[in-house]
Each structure stands twice: as structure tokens, then as C-alpha cells.
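Written below as C-alpha cells is the structure these notes are about.
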Amino acid sequence: QMHPVESGGGLVQAGGSLRLSCAASGRIFSINVGWYRQAPGGQREWVATIFGGFGGGRTAYADSVKGRFTISRDSSKNTVYLQMDSLKTEDTAVYYCNAPVGSEYWGQGTQVTVSS
């Protein structure tokens with residue numbers, strides 16, 4: 001049971017950066033961890049995944065964030081990060097961490113608001 005907790009959201013101008021954190025209670029290096037987001041009135045959508053275990057830290061990104069967002073992990077801290085650069089107004093959403101991916105373990109979310 002990972003019980004992920006997100007942090008790091010906030011208000012930023014378009015073109016700016018934020019780094020989100022997902023702190024888990026277990027060994028994240030052995031599981032796949034994903035970031036998702038949900039914009040107002042929209043459905044939750046996948047953003048990025050970092051693969052654990054035999055996945056060896058490989059990463060995958062949604063096309064909408066590829067080249068702008070970077071997912072990484074610090075296994076010593078059981079924390080997964082989402083570095084978000086060149087933010088756009090359409091990135092405004094509540095961002096959630098799912099650890100492991102596909103499990104029932106979601107964080108409470110952290111709000112990211114990008115102003116024009």
C-alpha cells in the first residue's frame with residue numbers, strides 16, 4: 001500500500017515552471033508510478049509514467065506534454081517528481097499520482113493553475 005501524497009502545485013504564468021512531488025509510503029523503484037490530471041469539467045487523463053522493476057526507470061509521456069514535462073524518481077526518498085516546463089494555460093488542472101499504476105491508490109491531488 002503506497003498511499004501517495006502529491007505536493008508542489010500552485011499558480012504560475014504561461015511559460016513558467018513547476019515541480020510536483022508524489023511521496024509514497026513504499027518502495028517506488030519496484031512499481032510503475034503515473035501522473036494524471038483532470039481539468040475543470042473534463043475527465044482524468046494520463047500525463048506520464050515512470051516504470052519500476054524490470055522497466056528500469058523508462059518513462060512515457062502523453063503527446064500533449066512530451067518535450068515539456070519530465071518524470072523522475074528518487075528511490076531513497078520514495079518520491080516521484082513531475083518537472084513541468086513551458087507551461088500552457090491548457091495545463092491547468094488538478095494533478096494526481098497513482099502508485100502503482102492501475103491500483104486504487106491515488107493521492108488527494110494538487111492544483112496547478114497557469115495564467116495567461
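Near residue 50, once Lys and Arg are set to +1 and Asp and Glu to -1 for all other residues with Cβ below 9 Å from its Cβ, the sum equals +2.
Per residue, the average separation of C-alpha pairs within less than 8 Å and at least 6 apart gives the chain a relative contact order of 38 percent.
Round to a whole number: what % of the accessible area of the chain belongs to carbon and sulfur, probe 1.4 Å? With neighbouring chains kept in place, the figure for the chain is 49 percent. Rolling a 1.4 angstrom probe over the protein heavy atoms with all chains in place gives the chain an accessible area of 50 Å² per residue. On the principal axes of its alpha carbon atoms, the chain extends 40, 25, 23 Å, with the longest extent given first. For the pair residue 54 and residue 83, a Förster radius of 25 Å applied to the C-beta separation gives a FRET efficiency near 0.50, rounded to the nearest 0.05.
Under 5 Å between amide hydrogens, built in the peptide plane, is the criterion, and for residue 16 it picks out 87 among residues at least 5 positions away or on other chains. Rounded to 0.05, the FRET efficiency of the residue 5 and residue 63 pair, given R0 = 35 Å and the Cβ-Cβ distance, is 0.80. Less than 11 Å from a label point 7 Å out along the Cα-to-Cβ axis of residue 14: which backbone N atoms in segment 56-88 qualify, by residue? Within reach of a label on residue 14, which here means backbone N under 11 Å from a point 7 Å along Cα→Cβ, segment 56-88 contributes 87-88. Just to confirm a number: summing +1 for Lys and Arg and -1 for Asp and Glu over residues other than residue 31 whose beta-carbon lies under 14 angstrom from that of residue 31, what do you get? Charge balance near residue 31 sits at +2.
The values are calculated or read from the model by the stated rules, or taken from the named source; none is laboratory data. Nothing here was measured: the structure is a model prediction, and the numbers come from that model. Reconstructed Cβ throughout: ideal geometry from the backbone, glycine too, with neighbour counts over all protein chains shown. With ligands, DNA and RNA removed, areas are computed over all heavy atoms of the protein, side chains included. Shrake-Rupley method; radii C 1.70, N 1.55, O 1.52, S 1.80 Å.
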